[in-house]
Amino acid sequence: QKVSIRPLNQVLGNGFSWSADSRSLWYAARLAQEGNPPQASRVPAGPVVEENLGKKAPSRTYQDLLKNPSDEALFDYYATSEILRVHVGGSTEIVSGKGVWSSFDASPNNDYLLTEEMVRPYSYLVPYSRFTRVVRIFDQQGALVRELAHKELGEYIPSTFNAVEKGPRNHAWRPDAPATVYWVEALDGGDPKNEVKHRDRLVQLPAPFEGDGQELLRTELRYGGAMWGNDLLWVRTSWTRTRKEQWYEMKPSATGSARKIKERSYEDRYGDPGRPLMQPNAYGRMVLWEHKGQLFFVGNGASPEGDRPFLDRYDLKTGKSTRLWRSEAPYYESVVALLDPDKVSFITL
């Protein structure tokens, strides 16, 4: 059934986000009555002026950057949209005004919308992913609840590995909570050359989104992603120069419960513990599949005999892993799905 009254704008991403109850969805709609694309004038209106304002700005060489005001106008024309919400019954409402919305995601309880909008000034030195961006939270009626961050133009991010932007980044909803946003902040100014004890910190802020947020943990290496479970958090960090990765585990409800559970070289394929199995929760979000204090891991199982995919059971209390199954020659099998964690029945391919 066709539900959108206006075409999707998917220039900057997926373009739509389902509600947890599947009764509505939000989508980025192309602007109505937008006319033809702007035409570049054959006569320049003036010179292209660039300034570094006395700062060092090392940069990689990128392809296909904006080059002049005509490119900026074309970018706005194709990337600008409005966020609409359409219900199963067919009613549609406009949630936001027009803007260059680079991402948007409804909270697990559907009460709020987390958005990121690109705003001017644009850059001719870096791709659009480093443009100035504003992160905001809106309610169901489209009213602004709070502005979480105003991210600077990323022209001054160092060009070295593990360099990141200053200030808050990677805003997202906690998948296991009704409406709690979390993000990461660099403690070294985003520059790997700065010697500090901790590189990043993870912060969460529940509705009604007041105050500065609660710090969950600090990491020695650069943040590389979080996986949430039922009052359970796993965080991966890594550092390119040493090829090291570390894993942290904590209970978000217990302040100070964070502990480092693993440290290894991410180039050690033989020692790769694999990835934990995930399952959808009541909000339809993927979370760690925890069963009676245990997690299940699957991996490629690299070995001197070649890859031998495996299924492991990890005990959260002891930190020990038990191998439940391993693919054996002459067959190459991998786990497709776990059916019953008690009986350890599963499907292989």
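The values are calculated or read from the model by the stated rules, or taken from the named source; none is laboratory data. Small disclaimer: the values here were computed from a predicted structure and weren't measured. Cβ atoms come from the backbone with ideal geometry, glycine included; neighbour counts cover every protein chain shown. Ligands, DNA and RNA are excluded from the accessible area calculation, which covers all protein heavy atoms including side chains. Shrake-Rupley method; radii C 1.70, N 1.55, O 1.52, S 1.80 Å.
What is the projected area of the convex hull of the Cα atoms of the stretch 1-158, averaged over all directions, in nm²?
Approximately 11.7 nm², given one-decimal rounding.
Computed from the mean reciprocal separation of all distinct C-alpha pairs, what Kirkwood hydrodynamic radius does the chain have, in Å?
Taking the inverse mean of 1/r over all distinct Cα pairs, the chain comes out at 23.2 Å.
Return the distance in nm (one decimal) between the two label points of a simple spin-label model at Gln33 and Tyr270, each offset 7 Å from Cα along Cα→Cβ.
Rounded to a tenth, the inter-label distance reads 7.0 nm.
Given the options Pro38, Pro330, Ala207, identify the residue whose Cα lies farthest towards the positive end of the charge dipole of the chain (+1 on Cβ of Lys, Arg; -1 on Cβ of Asp, Glu).
Value computed over the given set: Pro330.
For every helix of n ≥ 4 consecutive DSSP H residues, a contribution of -39,500 (n - 2.57) applies; sum these over the chain, divide by its total residues, and give [θ] at 222 nm rounded to the nearest 500 deg cm²/dmol.
-1000 deg cm²/dmol
Could you look at the stretch 222-308 and say what percent of its accessible area is carbon and sulfur, using a 1.4 Å probe and all protein chains?
Roughly 47 percent, rounded to a whole number.
How high is the FRET efficiency from Lys67 to Ala149, r the C-beta distance, R0 25 Å, rounded to 0.05?
With a Förster radius of 25 Å, E is 0.30.
What do you reckon, how do Thr242, Thr132 stack up by accessible area (1.4 Å probe), largest on top?
Ranked from most to least accessible, the order is Thr242, Thr132.
Considering only DSSP beta bridges with both partners in the chain, what is the antiparallel share in %, to the nearest 5?
Numbers: 90 of 90 bridges.
Approximately 100 percent, going by the DSSP bridge assignments.
Rounding to the nearest 20 debye, state how big the charge dipole of the chain is about its Cα centre with +1 on each Lys and Arg Cβ and -1 on each Asp and Glu Cβ.
I would put it at about 520 debye.
Is any residue of the stretch 310-349 close enough, with backbone N under 12 Å, to a label point placed 7 angstrom from the Cα of His291 along the Cα-Cβ axis, and if so, which?
312-314, 337-347
By its C-alpha gyration tensor, with a ≥ b ≥ c as the square roots of the eigenvalues, how is the stretch 210-345 shaped: rounded for a/c under 1.5, else prolate for a/b larger than b/c, else oblate?
The shape class here is oblate.
Suppose every Lys and Arg Cβ carries +1 and every Asp and Glu Cβ carries -1, with no other charges. What dipole size does the stretch 23-127 come out with about its Cα centre, to the nearest 20 debye? Walk me through the numbers before you get to the answer.
Details: 10 positive and 13 negative charges, 42 e Å.
Charge dipole, the stretch 23-127, about its Cα centre: 200 debye, nearest 20.
At 1.4 Å probe size, what's the solvent-accessible area of Ile347? Round to the nearest 10 Å².
Number for this one is 80 Å².
Of all the Cα-Cα pairs you can form in the stretch 89-188, what percent are over 21 Å apart?
Summing the P(r) tail past 21 Å for the stretch 89-188 gives 41 percent.
Pairs Lys166/Lys262; Lys244/Lys343; Lys260/Lys292: which are spaced more than 30 Å apart, C-alpha to C-alpha?
Lys244/Lys343
Any idea of the accessible area per residue across the chain, 1.4 Å probe, to the nearest Å²?
Here the per-residue accessible area is 55 Å².
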